[in-house]
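Visitor: Before I ask anything, here is the structure I am working with.
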Amino acid sequence: MEFNKTIAARQSVRKFTEAQITDEQLKAILEAANAAPACMGQYDHLHLTVVQKPEILAQINAAFQKAVGGDPNMQVTYGAPTVIYVSCKNEDEEIVKGCNAGVVMENMLLEAADLGLGAVYLFGVSQVLFANEEITKLLQIPEGFRTVSAIAVGTSADDLQERILGTDKISMTTL
């Protein structure tokens, strides 16, 4: 796919089919994550956790519902068959964690769009669950790391609509 078409296809999807992504699609998404620039080339400060087991995704949804006192039918993973968590070293400054996770996330989101998959950036679930020791153990987050963000990815239950690109959404000053 041409790059501008990938950008135009990139959108947040919050409704997925049950179909699991293929091993080839997952590999491409993980390769895109690994192609992201890391602060000072410190890739050892990043960790990815791929969750595809339905029972673990159900536990994540239940833990989030309990933590926020939300609707028991709410699915924080939106029913996606794959969720990939980005974790960063605790010792890194918040701005570095955010930047590292952000570039990894955007690469994965763009690759998912290029593959014709639906995806959504999950921030709140990571922020609520990183303090949950049970979930941290369940996700096998390495010692000294914490989840920063995640991507839910799969086949969109709805047709994806290509967006029209423009420069009118963000205010701008040209000097």
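Visitor: Using a Cα distance threshold of under 30 Å, what count of lysine pairs results for region 1-101 when pairs must be 8 or more residues apart or interchain?
Guide: Taking the Cα cut-off of 30 Å, the pair count is 16.
Visitor: Could you order the peptides 95-108, 135-148 from most to least packed, using the average number of other C-beta atoms within 10 Å per residue?
Guide: Output ranking for 95-108, 135-148: 95-108, 135-148.
Visitor: Determine the share of the chain's accessible area contributed by carbon and sulfur atoms, expressed in whole percent, with a 1.4 angstrom probe.
Guide: 53
Visitor: Further question: So how far apart, in nm, are the two label points at K15 and L30 if each is 7 Å from Cα heading toward Cβ?
Guide: Computed distance between label sites K15 and L30 equals 3.1 nm.
Visitor: Over region 36-103, calculate the relative contact order: mean separation of alpha carbon pairs under 8 Å at least 6 apart, over the residue count, as a percent.
Guide: Result for region 36-103 is 47 percent.
Visitor: Report the FRET efficiency, 1/(1 + (r/R0)^6), for T167 and D44, where r is their Cβ-Cβ distance and R0 is 35 Å, rounded to 0.05.
Guide: 0.40
Visitor: Tell me the per residue accessible area of the chain using a 1.4 Å probe; a whole number in Å² is fine.
Guide: Dividing the accessible area of the chain by its residue count gives 57 Å².
Visitor: If you don't mind, another one. Taking the Cα centre of the chain as origin, sum charge times position over the Cβ atoms of Lys and Arg (+1) and Asp and Glu (-1), and report the length of that vector in debye to the nearest 20.
Guide: 280
Visitor: Each label point is 7 Å from the Cα along the Cα-to-Cβ direction; what then is the distance between the points at E91 and N73, in nm?
Guide: Calculated label separation equals 4.8 nm.
Visitor: So what's the net charge close to N132: Lys and Arg +1, Asp and Glu -1, counting the other residues with Cβ under 14 Å from its Cβ?
Guide: On the way: positive: K66, K137, R146; negative: E133, E134.
So the environment of N132 carries a net charge of +1.
Visitor: Given a Förster distance of 30 Å, report the FRET efficiency between Y121 and L175 from their Cβ-Cβ distance, rounded to the nearest 0.05.
Guide: It comes to 0.45.
Visitor: Enter the Cα centre distance for the pair region 22-83 and region 129-153, rounded to the nearest angstrom.
Guide: One Cα centre to the other: 9 Å.
Visitor: Kindly point out which whole DSSP H helices in the chain project their C-alpha atoms 27 angstrom or further along the helix axis while averaging a Kyte-Doolittle hydropathy of -1.0 or above.
Guide: Both cut-offs are met by 94-114.
The values are calculated or read from the model by the stated rules, or taken from the named source; none is laboratory data. Just so it is clear, the model here is predicted, and its values are computed rather than measured. Note that each Cβ is placed from the backbone with ideal geometry, even for glycine, and that neighbours are counted across all protein chains shown. We work out accessible area using only protein heavy atoms, side chains counted, and drop any ligands, DNA or RNA first. Shrake-Rupley method; radii C 1.70, N 1.55, O 1.52, S 1.80 Å.
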